[in-house]
Amino acid sequence: MKWIKCIVLALLLATQSITIAQAQPAQKTIEIHAHRFSFEPAEITLKRNETVRLRLVSEDVTHALLVPDLNINQEIKKGNPVEIEVTPTTVGDFHGQCGHFCGNGHGSMTFVVHVEE
Ligand SMILES: [Cu+2]
């Protein structure tokens, strides 16, 4: 009956490692809605070296979130929310905008990412 103990032990170890794996990157998700002609929220604050997930949702037409200095350039199609991850490594204010022409107010669709220590 020794082998049963081995199996039980193996199962216990397997369960524990799964729990540890799940607990690892506790990531925060920020939902950002794009619509003619603004992002909501239009500003977010992140921490340096902390990975967050951005969930991007369009409420009307195709937009894009473009923040060149953070290497973000993500198209956002209506009815197709998309998630990206960002890990800023530099403190500062990073300016972005809509990267997909969406009408007359397209130029006013600005976005700012504040990165703090
Ligand atoms: Cu737009």
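Of note:
- Within the stretch 28-57, the residues that satisfy the criterion of being of a type outside the set (Lys, Arg) and not in a strand (DSSP E or B) are Phe37, Pro41, Ala42, Asn49, Glu50, Thr51.
- The lone criterion from (1) more than 11 Å from the ligand (Cβ to nearest atom); (2) within 13 Å of Val67 (Cα to Cα); (3) more than 17 Å from the chain's Cα centre (by Cα) left unmet by Val113 is number (3).
- Residue count for the stretch 71-110, restricted to those that are of a type outside the set (Val, Ile, Thr), surrounded by 12 or more Cβ atoms within 10 Å (Cβ to Cβ), under 15 Å from the mean Cα position of the chain (by Cα) and not in a strand (DSSP E or B): 2
We did not get these values from a lab; they are worked out from the coordinates using the rules stated. Just so it is clear, the model here is predicted, and its values are computed rather than measured. Ideal geometry is used to build each Cβ from the backbone, glycine not excepted, and the neighbour counts take in all protein chains shown.
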